[in-house]
């Protein structure tokens, strides 16, 4: 009987894609996949190392697994995959006896061997032992067809690794140097996804701006993917402001399949802090880039990432970030408190000297500011029309479905006669914070206001 493997994924979209690669590698070697933890012989935890909260979550899960294994009559094998495995190998192997092996993001082809050895069905090579953590300069998982779980969107990693070396970021140490996939291989994967019914693809990379394979650069790749018959929408994440190419802005403006949404990580709005972060752009350059995007792509939605409380950031420097967010008016922002990541320059060289209470004050202020701005932007859309790609049913409100507009606005609408994956023309009837409420243009007006009334009723 095939060994049953249960995979749990934490963290970013790249981790989700990597778990799909892992599923393919294991199934092709005779393992079986199960969504049931209770039926599993092997549990693989695909981890993130970007934030301290992610670490805490994984350590808490390991304690649960340790208790579960003690209650099992049969052998439960536990493996830690991904960025946390790469960055905290010694702690995981030496300090957690419930962990049987670890494997970094470039070592997933070795998983069958690691699992067999951990279960006593084979011996790992001398080079592997209980860990496979060698970073690669060439691994892009060419030839591995991800096993996806369905939906309307599919992630596609077009490159791996990062060369930017931002002082707060652990990614270069956990995912290695940049390397790009063959464009033809990306197109073949997109064509297969269309045959499987996917209508949207999202191209992934730690810095997609740096993509280059032969003469194909990222703007070229986006247009090539957008030209694949059957693809309705193409998204991407994440770029870096330092080298955002003008031809990519032009492609987004002109190609009907390239979505009018750009996630543009800011991190900070003060030049001294940006320099300490090694972001290699100034606040003025960032403002100019955002203005150019809005000028050339009038309906573009710009979202961002911000870190508060970076080492030595003063209250006055934080105010520069607040003012920039006020001026640029992002459609949404992911805002985080700075936390040290082992091995980064900031962890080794800069004091984590902003008090926790002050970090909390700053994040609350920015979250409140962004909620107000998001609300104002979305209220201005009331009465306009858009096309919504329907993604799922709304569990808390039977009869309604939700999806995204081209420019990434989360939208809820009545679901009568609508299927998941449909692209529905709608009229925006109202806005509640980050969510738009709409009605299909063919339907009677006021349908989405019923959602508001039901949602607010006791």
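Looking across the stretch 337-346 at every residue that is surrounded by fewer than 20 Cβ atoms within 10 Å (Cβ to Cβ) and at pLDDT 95 or above, the one that is nearest to residue 291 (Cα to Cα) is identified as 337. Considering the stretch 131-159, and only residues there that are crowded, with 21+ Cβ neighbours inside 10 Å and free of Cβ contacts under 8 Å to residues at least 60 places away in the same chain, the residue that is farthest from the chain's Cα centre (by Cα) turns out to be 131. Condition test on residue 334, is it touching a strand residue (DSSP E or B) at 6+ places or on another chain (Cβ under 9 Å) and surrounded by fewer than 20 Cβ atoms within 10 Å (Cβ to Cβ)? Against the criterion (touching a strand residue (DSSP E or B) at 6+ places or on another chain (Cβ under 9 Å) and surrounded by fewer than 20 Cβ atoms within 10 Å (Cβ to Cβ)), residue 334 qualifies.
Of the helices (runs of 4 or more DSSP H) lying entirely inside the stretch 137-230, those containing at least 2 residues that are closer than 18 Å to residue 244 by Cα span 218-226. Do we find that residue 18 is assigned to a loop (DSSP other than H, G, I, E, B) and at pLDDT 85 or above in this structure? Here the answer is no, as residue 18 does not meet what is asked. Residue pairs whose Cβ atoms lie under 9 Å apart, sitting 6 or more positions apart in sequence or on different chains, and linking a residue in the stretch 36-55 that is in the same structural domain as residue 334 (by TED's automatic domain parsing) and closer than 17 Å to residue 119 by Cα to a partner that is at pLDDT below 75 and outside any loop (DSSP other than H, G, I, E, B), do not occur here. Kindly indicate whether residue 21 is surrounded by 21 or more Cβ atoms within 10 Å (Cβ to Cβ), under 30 Å from residue 179 (Cβ atoms) and not assigned by TED's automatic domain parsing to the domain that holds residue 177. The answer is no for residue 21.
For the stretch 304-331, filtering for residues that are touching a strand residue (DSSP E or B) at 6+ places or on another chain (Cβ under 8 Å) and either surrounded by fewer than 18 Cβ atoms within 10 Å (Cβ to Cβ) or modelled with pLDDT under 95 (or both) leaves 1. Note on the stretch 375-397: among residues that are modelled with pLDDT of 95 or more and assigned to a loop (DSSP other than H, G, I, E, B), the one that is surrounded by the most Cβ atoms within 10 Å (Cβ to Cβ) is 381. Residue 165 meets all of the listed conditions (1) touching a helix residue (DSSP H, G or I) at 6+ places or on another chain (Cβ under 6 Å); (2) in contact (Cβ under 8 Å) with a residue 60 or more places away in the chain; (3) within 30 Å of residue 274 (Cβ to Cβ); (4) surrounded by 21 or more Cβ atoms within 10 Å (Cβ to Cβ) but one, namely (4).
Does residue 245 satisfy the condition of being more than 30 Å from residue 283 (Cβ to Cβ) and surrounded by fewer than 19 Cβ atoms within 10 Å (Cβ to Cβ)?
Answer is no for this residue.
The values are calculated or read from the model by the stated rules, or taken from the named source; none is laboratory data. Being a predicted model, the structure only gives us computed values, none of them experimental. Please note: Cβ atoms are built from the backbone with ideal geometry, for glycine as well, and neighbour counts cover all protein chains shown.
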